[in-house]
Every structure is written in structure tokens, then in C-alpha cells.
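Each value in this text was obtained by applying a stated rule to the coordinates, not by laboratory testing. The structure displayed is predicted, hence computed values, not measured ones. Glycine gets a Cβ as well: all are built from the backbone with ideal geometry, and neighbour counts include every protein chain shown.
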Amino acid sequence: MDVRVWLLWALTVLVAASSARNPLYGLLLLLAATVVGVACAPANGRRPFLAPLRFAAVAVPFSALFNGLTAHLGEHVLFRLPAWLPLLGGPLTLEGLAYGATSGLALAAIFGGFAALNRVTPVHELVRLAPRAFHEAGVVLSIALTFVPQTARSLTRIRQAQAVRGHRWRGLRDGLPILVPLLVSGLERSMGLAEAMVARGYGSVADRPQPLRLRALLALGLLALLGGWLAWLFWPSGNGIALGAMTLGGGLIGTVLWLAGRAVPRTSYRLRRWTVRDTVGVLGCALTLAVVLLPLPGRGTLVYSPYPRLTPPGFDPLVGLGLLGLALPALWGEAQGDEG
Amino acid sequence: MRRAISGVIYGLSAAIGVLTFAYPFLLQADRAAQERIAPLATAALVGLSLVALLMELQGQAISAKTVAMLGVLVAVTSVLRFLDVAFPLPGGFSPIFAPIILVGYVFGARFGFLMGAFTLLASALITGGVGPWLPYQMFTAGWVGMTAGWLARLQPLTSNLQSWKLEVGGWRVGLLAGFGFAWGLLYGAILNLYFWPLAVGMGGQGWEAGLGLRETLVRYAAFYVATSLGWDLAGAVGNAALILLLGAPTMRALTRFQRRFHFQML
Amino acid sequence: MIRFERLTYTYPGAATPALCDVSLEIAEGEFVLLAGPSGAGKSTLLRCLNGLVPHFSGGTVSGRVAVAGHDPLAEGPPALSRVVGFVFQDPEAQFVVDRVEDEVAFALENRAVPPAEMRARVEEALRWLDLLALRDRPLEQLSGGEKQRVAIAAALALRPRVLALDEPTSQLDPQSAEEVLEALVRLNRELGLTIVLAEHRLERVLPHADRLIAFPTPPATDILSGPPRQVLRRMEQTPPLVTLGKALGWAPLPLTVEEAHRVSCIAYRRSPIAYRRSQVANRQSPIANRQSPIANRQSPIAIRDTRYAIRDMRYAIRDSRLAIRDLRFSYGDAHVLHGVSLEVATGELVVLMGRNGSGKTTLLKCIVGLLRPDGGTVALDGQALAGQSTADICRRVGYLPQEPDDLLFADTVAEELAVTLRNHGLLARPPVAPARLLARLGLSDRAAAYPRDLSVGQRQRVALGAVTVTRPSLLLLDEPTRGMDYGSKRELLRMLREWQAEGTGVLLVTHDVELAAQAADRVALLDGGRVVAQGTPAEVLTAAPGFTPQVAQLFPATGWLTVEDALAGRGSAAR
């Protein structure tokens, strides 16, 4: 699938997990993310994709405990801490634990979604996501990623060279003979690289300062964003205005991005074609988002509160099905490789 | 005029950043139902602010030299992150902040911001840690570099081309070490603020909108102590240690390189 | 097509101009070679072709340059990138992306070429450089020669009319260098591309050059330009064949061994003894040429030498600095060293040669303890080194790595020496007075300079100082003469001879056959992890094709290796 669709997918997991505060849904999301991460990862013999489950194994108990210790509501009291303890004093209730566990699950689902994203998309694809206005950032990242293996080899060579003159690792200070040659050699190499880039025509149009217009627009966009956010925080009745201002601000910034991008005449060697998979992926995300955000029946089960009395969480099969829309990419399995 | 607009953009984006980080403390009671989009919204806000700042910094004629230098420095810092050291380091000790601070100090605020933001981005890409917390990381790390650059303006390093004896006074190193310590803690606290509402849930008893600043701070403090204080403390101490021990010679080497290539970053 | 008119250029902060009043002309389709010592201005001239000087490096320039109708000094690199392609020396520091194809497309992306045309051009460039099989590979998996070819392809993607190359083969081993040069010759012949190439090892390229531009040693500024043979007559530093030709008055000056054969056959009519000797040698040599000791390990020469070597070792063991016996090493499953036995006597200079990947660097690392061998012994001055740490071993062994820059991190040259002493705890009573060492290295006036500000040759000497300040009894040098001009090589040899005179043993790893011919007391050939030949230079270097100096190729079976040998031998034969 296209990288952008994967990004959308991960963000959908984010929204869904934050909205569906229900342990059953949270579990469903976590499993969906794990399944997709396992099924769609490029096969190169890496370790099994257990990261989300491991994270959940840590986050859920921790969150449960934390919440249980600091929140003191609920009927089923398990334990009573002396009341003079700040924050901790009071009853430790089952409901508190349950609530914490739910939150932990949501966090784990979010983490799982992004872990899957990282696993499924090759790094240089992610780099290519950089919009044209940021193509310099893209080049910086490219260079960084290209130089990492070389720098690692440099590091080994420098360590050996210093060992040859008697260097021993006795303390942190002995890192100096390793760090300084690494840094300076790297910087010297970067000058050679800059020359090579310039010799190949890089920077022919990047050496233009941004017109004042665009920057003023940027400042205005930020102002609108800030204003809207302040209104949201401190002005309860100005809902519409706050949202409007923030949208305006975001829109202005986006426009500047687009305009700046247009001023950069570059083309891309690898073009990605939109495939059926991409469309299905988007549809799956849309389904999940619809289920989570729109006022559909069964919505009540989305938020589960164990207070004041612990009850089993509700589950609506339709909502569950909608959430499973996130697992659709797993149907196709491993990516076929790059573009056309 | 140009500098004025720069200043305005820096100020606005910083304000947005701070207000977004601090939103759990500031939110009024009847906004409680925003839980579902909070992580996305905060990431988006900080992200937009970051984008604006990056565009502003980039727009000023970023040359091939800058691009190449940034790329290589980011690579070096990323490799250092996985450095196999002879003795074990306490968790949370991330050796990427000391280079960001030193580079920002020597090469200036703009370069420092770009260095911080891109280092975190490259680190995330390499280690597979891309997530909605990334805008927070990039934004904050960028400001670490930027403020280090501003710190240097208090008393610039001698850039006299004739004098070959480059003294980096002990006070500078001490100042930077303290700076590194403070940012180590602050960075951790800010990142934690992203996860806090997620982890303890809104409307529950961990955090509630409208509780008032003091009460919320107390609760956050509890969360922070429980989750990341130890980690961040180790990181902060590590930053300070690295800068104290390795800062002066590294700064000398960087300054000499700057002289040799007459490299001027705006 | 390319014209320089009274070009003068001074680097920023430099006292003297790098180029002074240079006027040259280069026609279209010519293969031009730039020769001369380091620092004479070759790189600067090349960079003037596409405007990197002065746009990238700053400085002051006067005069005019015209390249295919463009003015690089005014227009700068962005405009000239379509006309002039540039390839740099370091294959590692030219790449932005990690895939071959994407790298070649980088230049095109910068110029907003439409995607369809981009594909066509990338295909074309890859095909010209024979890289179609490698198109999908990550760049870090390629060899040095392949990387340089990718760099050339990337420069070609914009369809330039001139290709400028700044010492592209100096970091490569001979085989890779051959690949690259073959590609360049092909591009020149078949595409009609004008090629301007700066090189130190002229032997490889001279036969193909249409024009030779020779830079004199600074501070002299008169640049010679013209057909190769003409210019070579007036140059001081020339390849061995040419030097021999000049001394013996051959005309036309031979550029290859074949030409030299032809010329010398004519000349030999004057000296029948040498002629007959060379005829006899020619009859014998086909056998030696066909049965290369490398290919056929049963070669009598190799076995005889190894036996002699073992016998010598048994007798000389008390006299030796370094004695390696049956050393074995493997990286995981790959066996790198299969039982290497080698010896370096007191005051002896042994040259270790072998193809790429034959294990030379591995051997050196095993000696100093950076790698732990699987079996065999290494003994220094009779004492076994097994189990000692690298730091301890290096108190008595000086190892100069391939990249001397890796060692330099201190603020001054004197401080570099002090660091080593401090590491070994010898700062209070140094075995060698640092001032004397600096004087021997020719760095007395640079004792307070920042090492990284010095030139490449000087930096190497600083590194050499840093490893010899502990007065080692053995010196190991890993390819110290890469990219060095003749003058610097002579300097290095002179310094090594001083150390040899003190009794230090020297083990030198190199690809440079001429250097081995001049410097070595003994030569060892390493192939596939074994020492396949060991003995005097005359024995070893003449027996293995690919490792034979030019003079020896010209006069086989005479035992002559260098120009001096040949002149002396000729003299005695003519008597």
C-alpha cells in the first residue's frame, strides 16, 4: 500500500483508540494492529512482531496500578491505604484498576498501530513523504540515512586506530579521541559531499530567500492558530469561533506549504501508482472513523466507565465490525514491492 | 522587517507549543468531551507549529553545505546513540542531546534547531519509533538546539581568524552542562505530558478538566515521578556529564572546522 | 572548446595564488591528462571548469574561462552542471541516496526533468558504465571501483560535454582503477566526451591521452601543455619507462611496454650483448608468464622461495624483529588466513603485496592484536605476542593505518605526540625526544599547528610521528602511498630508511609495484590467505605478472627492477 495510506491507517488507529475507551474494543484494535503488522511486513527474516503485545504487557498493569492508587472511587474496595498519604491515601478499588487497565489498553493499541507502520514501510519511503516545500529536509534525511552505515564503519576504524596508539577505555573522558575524529572527519566529508551535490546542479533554485509575502502569511496563520487555541482553552462558549480560527490557521499554513512547494521545480524519479489496495485501505479507515465519530446507534458502548460499580463492558457487534475495518490491509498480505 | 517577522514567527510558534504542552493544566471543565481527538489534535497543533518554524528557517537560503553538514551530523549522532560503550549506561541516558547543544552553541540558533529536529526525526526513522509523539519530540529537540544557539550570543566564542589559540573557558562548559541538565529534565517532562492524558484517561480520577492549575500539577507530578523521573534524571545527569567531560575539546574542533571552511550559517 | 585566458586564482586566506596567469586550450573530444605534484593546482584548475572555484570555495579570481561557450566564473555550478560533469576522489563522499538508480537520477530530479525522460537517461547512463546489473543494489555494498563508476554515471545523466575527474582512482586498488579507466577511455572514444583527468599514476593513462598538461612544483608556475611525448620530455617526474627512454635517448618516447620493446629492439642493434640477453629472456619468459605463481600454486619458484624462506627463518630467528608462523584467522565461516609464515629481520624492509581481499590488512591487524588469530604464533624480538592487549603490543610496534586522519584529534602536532606518550605512561621519560622526531618528519616548524589544517602528506607524517614516538622496534604501514606524488613517496622512503638504519624492522603493505621495486629488501606475495612467494624483489616481482615493474617487463630475466638498475646494467653491458 502507498505510504500515505499507511500513515492514514496509523492515525485512524490513534483516533479510534483514543475514542473507544472500552477494554473489549481496545483489545480488538490491539489485535488488529498486531495482525496487520505481522501480515504486511516485508519478509526479511526479522524478529517476530511482538512489540505491541510486549508494550501492552507493561502498560496495562502499570496503568491499572497507577489509576488504582490515585483514584479513589468505586464500590469494590480491595485495599485501604492510610488516609494521610497525599494522593495515595484512600481505598484501592477494583473499579480504579479496571479503568486504568482500559487506559493502558488504549495506549497499547496506539503504540501498536505505529509500531506496525514502522515495520511495514521501508524507511526511504517514509523519507519520500516530505512535501516539495521540504525537499531539503528530505535530502538531509537521505544523506543521514546513507551515511549511517559509513559512520558506523568509521567508528570502528577510529577505535582501532586509537587502540593502536595505546588508547584504553577507562572512563567517559576517553570517548574524546573517538568522538572528535568521528565528528571532524564526518564534517570534512560533508564538505566534499556538498561540492558533489553542487556540481550536480543542486541548489540551482534553492538559493532564493523566501518572499516576504509568504512569511507574513505564515505569521498570520500561526496567529489564527494561536488565537483559536486560546479561545478553545479559555472561552467556553466560543466553540465555533475557536474551531474556525484554528482551521483557518491550519489552512493558511498549509497554503504557504503548497505555494512554497510550487516554487521548487523538482520532479520525482519514482512515481507511485494508486492501486486497488490503496483504495480498500482508505475505505477500511473511513469505516472505522465513521463508526467511531458519527452518532450511530451502539455508540454508547464506546465509552466504558466502571464507576461506580464494576459491570461487564458493553459490546456492539456493528461497532466491532467497523473497528475491524482497520484489519483489512492484512487480507492482502505482504507488499508486492515498490511502485510501477 | 525581515527580522521582525522572524521574531514573530518564533514567538507565535513557541507560544502554541507551550500552550499545547500545558493544555491538561489549562483546560476548563466543560471541554471534557475532547478526549477522543486529544492526542491527534495536540500532535497536529504542535506539528503545524513545527512546520511553520521549519519553513521559516529553511526559507533563508539553505545551502548545499548546510544540507550536507546537517545530514552528516545527524548520522553521527544517530550512530552514537547505538554506541557500544565499554561500560553500561543508565537507562534514559541519550547521548544525542549533548551534540545537539554543542552544535547549536557553535553554529548558531537556526542550525541548532534544524539539527535537533532532524536528529530526532532520523532517530525515529532508524529505530522505528515514528509515532504521534514525533512532533513533540522534534519540536522540543529543535528548541533545545535553538536556545543553545541563543545562549552563545551572550558571549560569542572568539572567532578571531588570526588567533590560533582557541580558549574555551571553563565557565562556558559549566554553563552548558547546567543547560544540558535542565533540558534533560524538561524534555522528559514535556514528552510525558503527551502521554499523561492518554495513560490515565480524561474524566477519570487521574486527570480531570477544570480541576484548576494547582491540583492538576500535583497529579501530574505524581504521574511524572512514577513514570519517568528516574529516567529523565539519568538523562539529565548524562547530558551534563558528557558536556563537562567532552564539551570543550569538541567545541574547539567544531569552531576550527567552521573557520577552515568559512562556514556562515545565518 | 575549453579555453583559459590568463587565469589567476587565490584561495581565501592564502598568501600565494594557486593558479597564476594560466592560459590553455583544450579541443573537443580530447582526452586530457593533468599531471604534477600535490598542491600544484590540478584540482583548482579542474574546479574552474564548472565554476566550483570561485563560487563554492570563495577567493579571488581574475582572467577568463570559456567552456563550450559558457562562462563558469560568472554563471557558477548550477548552470554549468549541464555542460561539465565532475567526479571526485573519495568514492564514499559523493552519494546522497542509498540506491544506485536513485543516485543517478538525483541530478535529473534537481533540474526538474520529466519522469519519462529521466528513465531514459538513467538507463543510458547505466548502460554506458556497465552498471545495469547493479542498478538495484544499495550503494554501500559496492566496491570502490563500482562506486566510482556510479559517480561517473550520475555525472553523465545530465549529458555533459566535458567530464572532469579529480584523481578518481587514487583511493582504489589497481583492479578497480583499471575498470574505471577503461570506462573513461570507452566514453571518450565512443561518445566523443572530452575528458579532463588529474592523476598521479601516469603509467596507466598515458597511452590513451591526447594531451598532457604538466604542473611544475610550486613555486614555479610555468605549465606545460601539448601532446604527451612532447611534454614528457620536459617534465621532471615521469614514469619509469619514460625516464629510461629519456636517459637512453629513445625516440619516440615509449608510453607502454610494447612500444618500449619496439624502440629498444632498434636501439639494441648498438649493443648486441644486451640484445642477446633480452632475446634469451624473451624465449624463457613465456613459460613464466603462462604459469603464474598465483594461479598455479605448484609453481617451482613459489615453492623454492617458501622453502628458502623457512630455511632462512630457522637460521635468522634470533636476528628477526617479527616472526610469524602458521598464522590462521577466519571471520566466522570465511577463512581469511590459512597458515601465513612471514619474517622481518632487524633493519629490513619487507613489502607485502597481494590482490584485494587477500588478507593483508587482516594480517596486520592480527599482528597488533586488534584481531585474535585462530592459530599460529606471532613473535616480536623473539617474544610471543599472544594474549597481550593492543595497547601493550603497540608500545613496541608502530602501526600506521590506511586512514591516518583517524588518529588526529589533538589541538597541536606536539600534543598528538604527547597523547601517545601519555597513553603509554611515558610522558615523563619519552623514548624519543619529540623535538627530534618532529625534525626527522620535517614538521619542526609546524609543532604548534592544528593537525587537521595541514596538507594530506603532512597529516600522514603527524600520524606516523604519533605511532613512532614510543620508539617501536617494528613499523607496520598499511598502504601509505595512496594518492601520493613521486616527491612525497621519495620523502617517505627516506624517512623509512632512517628508521631502518636504527634497526627498526618495517613491514609495508602496498599495491604500488614501483615502490616495492625501489624500497624493498624482501617481498612477500599474499594470495588467498597464504604466502605464495617470498624472497628478494628481483625473484618475486619478476615471477608474477601483475606485480612486475615496467622496467622488469621490458627487460625480463635480467633482474633489473628500477630505472637505476637498468641504466647501471646497460652501462656494464655496453662496456
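Between the range C:176-199 and the range C:349-412, the C-alpha centres lie 37 angstrom from each other. Between C:Ala209, C:Val551, C:Val432, the Cα set farthest toward the positive side of the dipole of chain C (charges on each charged residue's Cβ, about the Cα centre) is that of C:Val551. With K and R counted +1 and D and E -1, the other residues having a Cβ less than 11 Å from that of A:Thr146 yield a net charge of -4. Karplus-based coupling profile of the range A:212-217, in residue order and whole Hz: 4, 3, 4, 5, 5, 4, with θ = phi - 60° in 6.51 cos²θ - 1.76 cosθ + 1.60 and x standing for Gly or Pro.
The H on the amide N of C:Asp527, modeled in the peptide plane, is under 5 Å from the matching H of C:Val532, each at least 5 residues off or on a different chain. Taking a straight line from the alpha carbon of C:Lys147, these lysines sit under 30 Å away, with near neighbours fewer than eight places off in the same chain left out: B:Lys65, C:Lys42, C:Lys360, C:Lys365, C:Lys489. Summing Cβ point charges (Lys, Arg +1; Asp, Glu -1) relative to the Cα centre of the range C:397-472 gives a dipole of roughly 380 debye.
Please list, by residue number, every one of the trypsin sites (Lys or Arg not before Pro) in the range A:236-303 that is coil in DSSP and has at most 11 other beta-carbon atoms within 10 Å.
Working: sites: A:Arg262, A:Arg266, A:Arg270, A:Arg272, A:Arg273, A:Arg277, A:Arg299; in loops: A:Arg266, A:Arg270, A:Arg272, A:Arg273.
Filter output for the range A:236-303: A:Arg273.
Take each residue in C:88-94, count the other chain C-beta atoms within 10 Å of its C-beta, and the mean is 6. In this structure, the amide hydrogen of C:Val22, modeled 1.01 Å from its nitrogen in the peptide plane, lies closer than 5 angstrom to those of C:Arg6, C:Leu7, C:Thr8, counting only residues at least 5 positions away or on a different chain. 3J(HN,Hα) couplings calculated from phi for the range B:49-56 with the Karplus curve 6.51 cos²θ - 1.76 cosθ + 1.60 (θ = phi - 60°) are, in sequence order, 4, 5, 4, 4, 5, 4, 5, 5 Hz; Gly and Pro show x. Report, in degrees rounded to the nearest 10, the 0 to 90 angle that the Cα long axis of helix A:23-40 makes with the longest principal axis of chain A. Once rounded, one gets 30 degrees.
Centre-to-centre, using Cα atoms only, the range B:130-157 and the range A:120-144 are separated by 21 Å.
Over all Cα atoms in chain C, the spread is summed up by Rg and Dmax: 25.2, 73 Å. Grouping the Cα pair distances of the range C:352-464 into 10 Å bins from zero gives a pair-distance distribution of 12, 37, 33, 16, 1 percent in increasing distance order. Note that the range A:54-63 has calculated 3J(HN,Hα) couplings of 5, 4, 4, 4, 8, 5, 5, x, 4, 4 Hz, one per residue in order, obtained from phi through the Karplus relation 6.51 cos²θ - 1.76 cosθ + 1.60 (θ = phi - 60°); glycine and proline are x. Annotation: the antiparallel percentage among DSSP beta bridges lying fully within the protein assembly as shown is about 55.
Only the Cβ atoms of Lys and Arg (+1) and of Asp and Glu (-1) were treated as charged; on that basis the dipole of chain A about its Cα centre amounts to roughly 1080 debye. Ranking A:Phe79, A:Thr156, A:Val36 by how far each Cα lies toward the positive end of the dipole of chain A (charges on Cβ) leaves A:Thr156 at the top. For the range A:111-168, taking the reciprocal of the average inverse distance between every pair of different Cα atoms yields a Kirkwood hydrodynamic radius of 14.1 Å. Between the range A:272-292 and the range A:228-246, the C-alpha centres lie 31 angstrom from each other.
Considering only C:Ala105, C:Ala93, B:Ala14, the residue lying farthest towards the positive end of the dipole of the protein assembly as shown is C:Ala93, judged by Cα position with unit charges set on Cβ. Considering helices alone, the calculated mean residue ellipticity of the protein assembly as shown at 222 nm is -17500 deg cm²/dmol, with DSSP H runs of length four and up weighted by -39500 (n - 2.57) and normalised per residue.
What's the magnitude of the charge dipole for the range C:24-103 around its Cα centre, counting Lys and Arg as +1 and Asp and Glu as -1 at the beta-carbon? Answer in Debye, nearest 20.
Numbers: 5 positive and 11 negative charges, 79 e Å.
The dipole of the range C:24-103 has a size of about 380 debye.
Report the FRET efficiency, 1/(1 + (r/R0)^6), for C:Arg494 and C:Arg471, where r is their Cβ-Cβ distance and R0 is 30 Å, rounded to 0.05.
On the way: r = 19 Å, r/R0 = 0.63.
It comes to 0.95.
For the pair C:Arg159 and C:Asp381, label points projected 7 Å from Cα toward Cβ lie 6.8 nm apart.
May I ask for the angle, rounded to the nearest 10°, between helix C:100-110 and the longest principal axis of chain C, with both axes built from Cα atoms and the value confined to 0 to 90°? Once rounded, one gets 30 degrees. Between C:Leu474 and C:Gly398, C:Gly505, the built amide H atoms are under 5 Å apart, and every one of these is 5 or more places off in sequence or on another chain. Measuring how big the range A:210-267 is from its alpha-carbon positions, Rg and Dmax come out at 13.8, 48 Å.
What net charge do the residues around C:Pro252 carry, taking every other residue with its C-beta under 14 Å from that of C:Pro252, with Lys and Arg at +1 and Asp and Glu at -1? All intermediate terms of the calculation are to be shown ahead of the outcome.
Values: positive: C:Arg229, C:Arg233, C:Lys246, C:Arg262; negative: C:Glu258, C:Glu259.
It works out to a net charge of +2.
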